[in-house]
Amino acid sequence: MGVKGLWPVLEDVKQVVTLRSLRGQTVAIDLSGWIVQSHGLKDYKGTHQHLRNLFFKVKRFLIDGINAVFVLDGSEPARLKYETVRNRRSVQSGHVADTDQCDQQKGYLGASSHCGEEREGMDERIVRSKRFEQIVEQCRELLQYFGFPCIQSHHEGEALCGLLNEKQMVDAVMTDDMDAFLYGAQRVYRNLMINNHSSHQSRVDSYDMSDIEEKLSLGRGQLVCLAAMMGCDYDAKGIQKVGKIKALPLVQRFGKEDAIKRFLSLEDDVDLLRGEKIKQDLSGMKKDSHCSQCRHLGNYVSHKKNGCEQCKTKVSCDTEGEMCNCDWHNKNSQLAQYSEAELKLRALAMETPGYPDRHRKVINEYMNSGEVCPAENFQWSKPQIDRIQNFMKKYLKWNYSKTSSHVIPCLTSWELKQRKTESSETTPLIIPDSIISTKKKDHQDCYEVRWHMLAVDLACLEEPYYVTLECKEAFHLRFPEMAEKFDEKTNLEKIKKMEEKRSVKKRKLDTKSSLKQLKIPFPQNKLLNSGTRKLASKTGTDGVGSQPQLSIESNSSNQEHAVISTSIKRSIPSRKMDQRKTKKVANRNSRRTAKNREKMPSISSFFTGCPKKKQKLSLDEEVNLQDGTFSGSPLLGSDSDISSPTDPSFQQQL
């Protein structure tokens, strides 16, 4: 639970970051919080959802290069928290148990779990505790196979996480409990969102203690005072009728260094006692009538006739006179020197049972948790693929191929993360065989790498080769020779392609310059639609009213014969002109051609009596073979002008 209602107070300093940005950081993780979250999910209907969620989270951490250290709760939690949790469960069940009696019957802390194994009449709390211990042991086993270090605290996991961050043994703490800042953490990550397919979409909320001190003026001591006032795991009630709206301005007024001292000394504070006495005197004092104009003792009518003694007037009074010196105003001016909020807090604290002794214990639990940092540095080991596959098959019924598809990227990320000197000491489990190509993944340059599994004796592997996408920068650091060789090869291919493009462009420019010297327009667009090509085939042109093919011959001075044959076409001005406009031009040209054909005189118009239909005339209809004359034509004159169609003069006139 942590501190009630404190995360909304820190909303202004929250920053959303991606998991990729945490690459290389060492993060302490409260494992108990993850387990509780997994059991609170309702979407997944499996039996071991805590193992499934843990598997995908640690997989993403390995791929993104995050060094995680998992912290487990101790077997003996703090007594204050034990009482709070027990009272909360007893209220939910409908009865309140006596603390001393329960401790004597069940034994406190570790003794209670031992008694639960021997007695048959275990209560619900003992059953839950035993089940939770089994779940924690399963998670510890899976983390061990993945190579993550696990450490156990004496009391609270958040306390050890905060201490590790305070001593700079880790870079941050990942938990959803607010207690981490109270235990000394400097940076906290919460609300972890994992995307199994993309690290760019895997995010987490980041809170930094430096931002809290700068923007909210809250230090660690002030946060501890907020927990004691508003309620926390050690004291669920806190100060009665005090929430974040009342508590936040008060702790900001206390200051960063004296906040705890001033909070615990509310009962014996001399100034607050004096202010409380003044407040009590005012509550029993009655305010006399005052003038509405000068605010002094008396009333407006009497001051208008007889004047005001304090204003020193004989008739009427001043509108801007001095403050009234009566007892009521003097007490209020003295009370204004004290903080009304602190006086209210003191009054509420005096009404709260157990203040200040119980709140002093709460503050002492946060400031002196009793945790000890481990003496040795953390070490991470290589993932054991065979044991992970057997583990997932046992609990989640996954086959070997499914587990391998998820674990192989973890192995490759592990190999890339290790230094060259470190990996040479031990035999690697997987090595890169070749680089296939370069690709983009999550806005990041990557290599498509073909890996070779050296542990071919494992029956769980279907094939010894796997293909993954790896970060280009990380692969360069781990395998520089292979990466440089591939980059050199790709650069040569790019240069070759560029040279080919330049040669093609150069040939086009040479052809254009040659045509320009011969004063022949260079075709700018050689693409015509199907309708234009058909029209060009019918009319003998290019379909846009262009000229037919030309053959130009030129003789050089050295008797060399050069023949340039080209097709001059009136092309569309722009290559970006769409097909619709091209079709429109073709239709317009076809209409013009049809009109020109109608204007041209046909052979049938030379003869009289010719039918209007365009059809081929027979020889009997055009020529009278008996007399050898035409039937008459206004264009050629009378019948006597031409005697026979075989006459040469007739052919000449035609």
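The values are calculated or read from the model by the stated rules, or taken from the named source; none is laboratory data. Values in this document were obtained by computation on a predicted structure and should not be read as measured data. Cβ: placed from backbone, ideal geometry, glycine included. Neighbour counts: every protein chain shown. Side chains are part of the model used for accessible areas, which takes the heavy atoms of the whole protein and leaves out ligands, DNA and RNA. Shrake-Rupley method; radii C 1.70, N 1.55, O 1.52, S 1.80 Å.
Restricting attention to region 329-388 and to residues that are outside any helix (DSSP H, G or I) and of a type in the set (Gly, Ala, Ser), the residue that is most open to solvent (accessible area, probe 1.4 Å) turns out to be ALA375. Out of the residues in region 159-198 that are β-branched (Val, Ile, Thr) and in a loop (DSSP other than H, G, I, E, B), state the one that is farthest from GLU11 (Cα to Cα). Out of the qualifying residues, it is VAL170. Against the condition within 27 Å of the chain's Cα centre (by Cα) and either more than 28 Å from GLY24 (Cα to Cα) or open to solvent by 20 Å² or more (accessible area, probe 1.4 Å) (or both), how does SER413 come out, does it pass? For SER413, the condition - within 27 Å of the chain's Cα centre (by Cα) and either more than 28 Å from GLY24 (Cα to Cα) or open to solvent by 20 Å² or more (accessible area, probe 1.4 Å) (or both) - is not met. You will find that of LEU218, LEU164, LEU143, LEU192, the residue that is of a type in the set (A, V, I, L, M) and either under 19 Å from LYS256 (Cα atoms) or free of Cβ contacts under 8 Å to residues at least 24 places away in the same chain (or both) is LEU218 and no other. Here ASN399 meets the list (1) over 30 Å from HIS154 (Cα atoms); (2) surrounded by 12 or more Cβ atoms within 10 Å (Cβ to Cβ) almost entirely, failing just condition (2).
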